[in-house]
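Since every read-out is calculated from the coordinates, none of them should be taken as a lab result. Since we're looking at a predicted model, the values are computed, not measured. Cβ placement follows ideal geometry from the backbone for every residue including glycine, while neighbour counts extend to all protein chains displayed.
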Amino acid sequence: MVRKIKVYLFAVILRFINASIKQESQPEEQNPKEKDYSKIFLVKVNQEIIIKINVDNNLKLLDSKLKTIFSNDISKKVKSLGLDINKKIIEEIIDQNKLVKTIKILNMTLYQCLEHFRGTQYYKELAGLEKEFEYVINDLKNKGENEQYISEFIHLINIFKEFYKQKIPRRPRIY
């Protein structure tokens, strides 16, 4: 269930960031010398981040900024763009300093996005992200998940950080 939460959360945030880039890069009058960001978008990150569900990784991930998370290598399924395409795009967006709202979003932590997503905290930069929560729940219902599973899913989203703080991490195996 933790992996499913992370899959949905990463997909929602990625869509939200890409929508922000597209929205901000639609000026009324484009200067021909300025870069057109409307065709730029971030790609899905490597699934290793989602697969790792140990305590230390998830607590560190929750406190990481989105720019750090999405600067990791992209999914190996997208071979044509290069593994560091997201990192280049994020660095360019920050260096150019044109997409102000997108930069503010990228400087937020994953935990702040989770708080806004589930509705426990409001951040004006993330306005609209909370609507995605309803889409996720509806998607689970459409996939045939029962009500008990959905209520446990919602409960785990609401206590995600606390759930990991109360767990005792395992010591790494030494081979």
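Working from Cα positions, state the angle (0 to 90°, nearest 10) between the long axis of helix 2-24 and the longest principal axis of the chain.
Computed tilt is about 20 degrees.
In debye, nearest 20, what is the charge dipole magnitude of region 87-175 about its Cα centre with +1 on Lys and Arg Cβ and -1 on Asp and Glu Cβ, if you could check?
The calculated dipole for region 87-175 is roughly 500 debye.
Only Cα pairs under 8 Å and at least 6 apart count here; give the relative contact order of the chain as a rounded whole percent.
24
Express the C-alpha Rg of the chain as a ratio against the empirical globular expectation 2.2 N^0.38 Å, rounded to two decimals.
In units of the globular-protein estimate, the chain measures up at 1.12.
Determine the dipole magnitude for region 16-175: charges of +1 sit on the beta-carbon of Lys and Arg, -1 on that of Asp and Glu, nothing else is charged, the reference point is the Cα centre, and the result goes in debye to the nearest 20.
So the dipole magnitude of region 16-175 works out to roughly 680 debye.
Would you kindly derive the ³J(HN,Hα) couplings of region 134-145 from the backbone phi angles with the Karplus curve 6.51 cos²θ - 1.76 cosθ + 1.60 (θ = phi - 60°), listing them in order in whole Hz, with x for Gly and Pro?
Per-residue couplings from phi come out as 5, 5, 5, 5, 5, 5, 4, 5, 5, 7, x, 6 Hz.
Among Lys22/Lys167; Lys104/Lys161; Lys60/Lys104; Lys52/Lys143; Lys4/Lys104; Lys77/Lys165, which pairs are too far apart, with a Cα-Cα distance over 31 Å?
Cα-Cα > 31 Å for Lys22/Lys167; Lys77/Lys165; rest within.
Modelling each spin label as a point 7 Å along the Cα-to-Cβ direction, I'd like the Tyr135/Ile40 distance in nm, to one decimal.
If labels sit at Tyr135 and Ile40, their model points lie 2.3 nm apart.
If each DSSP helix of 4+ residues adds -39,500 (n - 2.57) and the sum is divided by the residues in the chain, what number results at 222 nm, nearest 500 deg cm²/dmol?
-16500 deg cm²/dmol
For the pair Leu81/Asn158, report the inter-label distance in nm, with labels modelled 7 Å from Cα in the Cβ direction.
My value for the distance between the label points is 3.6 nm.
Working from Cα positions, state the angle (0 to 90°, nearest 10) between the long axis of helix 147-158 and the longest principal axis of the chain.
60
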